[in-house]
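Some notes on the structure that comes next.
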Amino acid sequence: MKIENVGFIGWRGMVGSVLLDRMRAEGDFDGLAPEFYTTSQVGDAPPDVGCDAPPLKDAYDLAALARHDAIVTCQGGDYTKQVLHELRKNGWTGYWIDAARFKRMDDDSVIVLDPVNRDVIDRGIASGVKNYIGGNCTVSLMLMGLGGLFQNDWVEWMTAMTYQSASGAGAQGMIELMHQMRALSDGCSDLLSNPASTALEIDRKLSEIAGSDAYPTKTFGVPLAGSLIPWIDAPTEDGSTLEEWKGNAEGNKILGTERPIPIDGICVRVGAMRCHSQAFTVKLRADVPMDEIEDALAKANDWVSFVPNEMQATREQLSPAAVTGTLTVPVGRVRKLRMGGDFLGAFSVGDQLLWGAAEPLRRVLNILRESV
Ligand code: HSE
């Protein structure tokens, strides 16, 4: 089968826009006959992707969707829930590539992160799996950064303590963070302009602004700028959050582990814009020498970048400010912990919209185009 006729849904949203940008940049539209869908602007002009495409079609037009060899959607889980089942019920056998969580854990889906699980993807293709779903951003970025440890089966268990950016809550999260920053900055501008102001006066004013009814908290519910929120997504029955649960569930599914590796942690929203950072404690199966660990981490994939455990390199390379908008996943602060030679500490950063969302999708479309 040749994959040529591909439908795109949700391409105008934040992840969808990053996906189209990456596809344009990599020439992915060459040889494709793309068609673009909309939930509100049927008949409008399609986005410019360097090749002809018809006017926008209705995202709920099942007959039109069913003509595609593959469908790529960043429209969200509700859309998947509503449309995919109907398409399959009507006999559509094309490939469904999706950023949303809804299908991730189903047996008839593969979670895609090819630098880490190309073997799982290839087995899925060979066995006729038709649904290829991007993983949770935090999980994908953790596996990109620590891929070398998993490739060597060194991990007995691990924790990931996260520092997740506002973009994980969507475009409205990023915008709200900026509105909060502006409210704080505007409200303190007199104090900031006065050289006699003390830090404590400024801090009191900030607390007053952040506690006022006018302070913008519609998306996060509470202040994020100048603060943090140690709770992401819905609660689960065991006291973790869904975001924390995904580390274990999706992490093991991506890796295709026969014996699940326990992965847990605390997921925290911080005031970064679009890069998730994570601090890891890894219990190794053995006291693996540091040079072997560093070598394995550095060579795991083409995007991981090993940062020596030194002050200047860490400050310059291992931060959201350094990584934002790039595909590089630096991993650093790598050292044996006081608990013993089989305990490893590490820290990584990755762009939540690239490796955390759009990049695995465009890559699996290409893998499918080459493989089926
Ligand atoms: N759930 C993630 C977050 C984003 O809230 O940061 C998407 O995987």
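The values are calculated or read from the model by the stated rules, or taken from the named source; none is laboratory data. Since the structure is predicted, the reported quantities are computational estimates derived from the model, not experimental observations. Glycine gets a Cβ as well: all are built from the backbone with ideal geometry, and neighbour counts include every protein chain shown. Accessible surface is based on the protein model in full, side chains and every heavy atom, while ligands, DNA and RNA are left aside. Shrake-Rupley method; radii C 1.70, N 1.55, O 1.52, S 1.80 Å.
Values for this structure:
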{"read-out": "In the range 216-250, residue nearest to the chain's Cα centre (by Cα) [restricted to those that are small (Gly, Ala, Ser) and within 16 Å of the ligand (Cβ to nearest atom)]", "value": "Gly247"}
{"read-out": "Residues being crowded, with 24+ Cβ neighbours inside 10 Å and more than 13 Å from the ligand (Cβ to nearest atom) - total across the range 118-142", "value": "2"}
{"read-out": "Test result for Asp98, on the phi > 0 side of the Ramachandran plot and either surrounded by fewer than 24 Cβ atoms within 10 Å (Cβ to Cβ) or within 14 Å of the ligand (Cβ to nearest atom) (or both)", "value": "no"}
{"read-out": "Asp107 being under 24 Å from Gly256 (Cβ atoms), within 16 Å of the ligand (Cβ to nearest atom) and of a type in the set (D, E, K, R)", "value": "no"}
{"read-out": "Among residues of the range 143-165, those that are within 16 Å of the ligand (Cβ to nearest atom) and surrounded by fewer than 19 Cβ atoms within 10 Å (Cβ to Cβ), counted", "value": "1"}
{"read-out": "Any hit, the range 21-37, residues being surrounded by 15 or more Cβ atoms within 10 Å (Cβ to Cβ) and among the hydroxyl-bearing types (Ser, Thr, Tyr)", "value": "yes"}
{"read-out": "Exclusive hit being farther than 25 Å from Leu19 by Cβ, open to solvent by less than 40 Å² (accessible area, probe 1.4 Å) and not small (Gly, Ala, Ser), set Val304, Val323, Val282", "value": "Val282"}
{"read-out": "Helices (runs of 4 or more DSSP H) wholly inside the range 10-92 containing at least 2 residues that are free of Cβ contacts under 8 Å to residues at least 24 places away in the same chain and farther than 26 Å from Met174 by Cα", "value": "77-89"}
{"read-out": "Check on Gly350, more than 26 Å from Arg118 (Cβ to Cβ), in contact (Cβ under 8 Å) with a residue 12 or more places away in the chain and within 16 Å of the ligand (Cβ to nearest atom)", "value": "no"}
{"read-out": "Residue check, Met290 open to solvent by 20 Å² or more (accessible area, probe 1.4 Å), within 16 Å of the ligand (Cβ to nearest atom) and modelled with pLDDT of 95 or more", "value": "no"}
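Let's see how each residue does on (1) closer than 30 Å to Phe306 by Cβ; (2) not β-branched (Val, Ile, Thr):
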{"position": "Val139", "(1), (2)": "yes, no"}
{"position": "Asn152", "(1), (2)": "yes, yes"}
{"position": "Leu192", "(1), (2)": "no, yes"}
{"position": "Leu200", "(1), (2)": "no, yes"}
{"position": "Ser240", "(1), (2)": "no, yes"}
